[in-house]
1. Could you give the length gained by full extension between Lys310 and Leu333, i.e. 0.36 nm per residue of separation minus their alpha carbon distance, to one decimal place?
2. Per-residue HN-Hα couplings for segment 526-533, Karplus 6.51 cos²θ - 1.76 cosθ + 1.60 at θ = phi - 60°, whole Hz, x for Gly and Pro?
3. Ratio of the chain's C-alpha Rg to 2.2 N^0.38 Å, to two decimals?
4. What FRET efficiency comes out for Asp238 versus Leu14 if R0 is 30 angstrom and r is the Cβ-Cβ distance? Round to the nearest 0.05.
5. Along segment 440-455, what does the Karplus equation 6.51 cos²θ - 1.76 cosθ + 1.60 (θ = phi - 60°) give for ³J(HN,Hα), rounded to whole Hz, x for Gly and Pro?
6. Picking from Tyr81, Ser300, Leu466, whose Cα lies most toward the positive end of the charge dipole for the chain (charges on Cβ: Lys, Arg +1; Asp, Glu -1)?
7. How much length is gained on full extension from Asp495 to Lys665, taking 0.36 nm per residue of separation minus their Cα-Cα distance?
8. Quote the relative contact order of the chain in percent (integer), defining contacts as alpha-carbon pairs under 8 Å separated by 6+ residues.
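The values are calculated or read from the model by the stated rules, or taken from the named source; none is laboratory data. The structure displayed is predicted, hence computed values, not measured ones. Neighbour counts run over all protein chains shown; Cβ positions are idealised from the backbone, glycine included. Surface accessibility is based on the protein's heavy atoms, side chains included, excluding ligands, DNA and RNA. Shrake-Rupley method; radii C 1.70, N 1.55, O 1.52, S 1.80 Å.
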Amino acid sequence: MTGIESRIEGLRNLLEQYEYEYYVLNSPTVSDLEFDTLMKELEELEVEHPEYITRNSPTQRVGSELIWQEGTQIKTKRHKYPMLSLQNTYSWEEVTEFYNRISRSLSRNSIELTVELKYDGTSISIIYEEGELAYALTRGDGIEGEDVTEAIRAIRSIPLRLRGDDLPKYIEVRGEILMPWREFERINAERLEEGMPLFANPRNAAAGTIKTKENAAAVVAHRRLTAFFYYLYSEDVDWLKNSQHERIEQIRQLGLAASKEYQLCSSLDEVKNFIDQWDNGRHNLDVPTDGIVIKVDDYSLHDELGTTAKSPRWAFAYKFLAESAATKLKSVLYQVARTGVVTPVAILDPVHLSGTVVQRASLHNADVIANLDLHLGDIVMVEKGGEIIPKITKVLYDKRDKNLGEKVVMPSECPDCGTRLEKSDELAATYCPNEWGCPAQIEGKIEHFCSRSAMDINIGPKTIHLLTSLLDVKDTADLFELTEDKLLSLPGFKDRKAKNLVGSIAKSKFVPFDRVLYALGIKLVGSTLAKQLAEKHRSIDHLMSINSHELQEQDAIGPMIAGSIQNYFDEEKNIRLINRLRAFGLQFELQNSRSPETPVAQLLKGENIVVSGIFSSISRDELKDLIAQHGGKVTGSISGKTSFVIAGENMGPSKLVKAQGLGVKILTEEEFFDTYKNIRDI
C-alpha cells in the first residue's frame, strides 16, 4: 500500500469512528472544525487520486463531485425474508390474550418477553455484504421493496461499513427511518417561509424524504434523518445470538443505533409497568413513537409459534391511545375524489395535537355527520387516529352556544359540477355520478394517472388544473396530444418547463403494464393487485376477456373487486380511452420474462409445502420459485394442512419435531426431485 493510499484509508477509518461517536453514541470526541478539516483533506486526496475512491468512503454520502454513479432509475428488489407487519391493539386485554395464547401454544406458564419502544417512522431493511452497505429497501408490499440505497447512504447514523471482525458475508438489519421532532419543526418553518405545503407529521416527512427522486442524497442530508434498528438477520445462524435482547446489543456492536429503551420481562405485570412508564415518557423523546412492541425473547420459539400470512405470532404491538383536544368547528368543505366520492372536511380553529398543528379533520360521510348532530360553531373533540389522521370524535354539547349555528348536512348537489349527488349504501358514501364531466373527477383521474407509482409523469395539481381549464384536457389520453407550443400558452410556462413536461409524458410510454393498469384508476384495484393481475393475465386484452366469476378464482379478489373490474371494462368510454392510450404507444402487455410467481404448470397444484434448511443443488429462494411456478403454495409454518416438507441440511429442529408430531411427510432434496422428475423442465 502506498503512502497516499495508506493516508486515505487512515482518514476514512478515523472519520467513520467520529461519525459513529457523534451520530450513534451521541458522544462526540472532536470538534466540528476538526472533523470538517479531516473530511476536506480526504476529499482533496480523492480528487487528486481518483483511483482510490471507494463506494463507501465517508465522502460518498453527499456533496462530492465524485459521487459514485450507477444511474438514477428507481428500482425494486425482492426481500430475502418477507417484511411482515405486526398485529396491534389499543387494548391491554388483547395484550393479555396474546400472552395467554402463546403460553398455551408453547405449553409454558412463564415466557420471557422483550418489550421495546415502537418507533413511528418508515420501515427499512438494509443489507450489508462483506461488512459493507450493499442496498436498502422500503417495506413496499412486504414481498418487494423500493430500492432507496442512495438516500439511505446520506443518513449519518447509518454506517457505510459495519464495525467488527469476522462478520458474516450477508447481514440484514431492519428498523425505522425517523425524522426527529426538532428537524420536523425546522423543516416546516422553512417550508412555511417558502410558501410550500407543510408536512403533516414526522412519519410522512421521513417516508417522502427517502423516496425523493431528484438529488435524494442532498435532500436526505439537509433533513437530517436518523434511524433505529431492532431486527437482525444472517444466513450464518451460529453468528446470530438466539434472543431478541442479545440481538439488540449485537446490532449496537455493529455500529448501528438501537434503542436503549427496552426491557426483558418475565411477567405481564412487568410489561404493564413498562407501558405505563413510556405512555408519558415518550413525550420527552427526540423522535416520534406510537406504542410498545412485545416479542418472545427466545428465537428458538419463533419457528414453533410461526406466522400468519401477514404477521408473526411471536410479536404484538400495543399502541398508545391518540391524544385529543377541544377546538371550535369553523366551517365544512366538501372534497370530490377521482372516484366521485364526496368527503366532508371540518375546518377547525388551529389546535396542537401530537406534535403538529391540526386545522382540518375528516368527517368521513353523511352518517358520521348525522350521528354527531354537528352545527357550525360547535366545540368538538379532535384526535389523531394512530396519531396521524385527525378526526372529530364527539361534540361537547354542554358548551354549545345558545345561538345555535347552522346544522351541518351533506349537500344534495356536487360542489364542483352541480350534478345531483347519489348515495351508495354499500360503501356508506355519497358520490357524484358525473364521472366524465365533473372537473374534480377529471383532474383527480389525471393526477392519479400521473402519480409516481403509476405513470410517473412530472406534473402537479396546479398544472393539471391549467390543462383542464385552459387547454380542454378531458382525460388522460389528451395528455399525449400536448405539444410544447400548446403548453407555452399557459401562464407560468417557459421553454424549459414545457420541454420537460412533454419529455416526461413521452418517457411514460415505457412504463410497464402493471403500472399502466394501476394508472387506469379502476376502483378497488391498488398497485399490488394491479401487479398480480398483470402477471397472471399478461395483457389488457386477456384481462378484458375474463368474466367476474373467473376473476374471483384469483387470490385476493372477491365479488366486489371482480364486479368493479368487470364494470370498468363494460363501459364503452373506458374501452375507447384504452384504445387511444394504446395507439399512443403505452404498454398494455408484459414485455419482460415470465414472473417466477406465475404458475406455468400444475404439478404441485393444491399442495401446501414448507421449505426448511440448506440445499445443495438449488438455493432456497429458487426452490420456492420453482414450487410457485408449478402451482404449489409455500407456507412458513407446519400445520395439519401441510402437504409435505422439503428438508435440507440444518432443518429447524422445532419444525422437524412438529412435522413428526403431525405425521407430515418429510422429503429430502433428492427425494423431492426424484418424485417430481420433470419439475425443472419449464
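1. 4.6 nm
2. x, 5, 5, 5, 4, 5, 5, 5
3. In units of the 2.2 N^0.38 Å rule of thumb, it is 1.06.
4. Numbers: r = 32 Å, r/R0 = 1.08.
Computed FRET efficiency for Asp238 and Leu14 comes out at 0.40.
5. My calculation for segment 440-455 gives 5, 5, 4, 5, x, 5, 5, 4, 5, 4, 8, 4, 4, 7, 9, 7 Hz in order.
6. Final value for the positive-end residue is Leu466.
7. My answer for the length gained is 54.3 nm.
8. Across the chain, relative contact order equals 9 percent.
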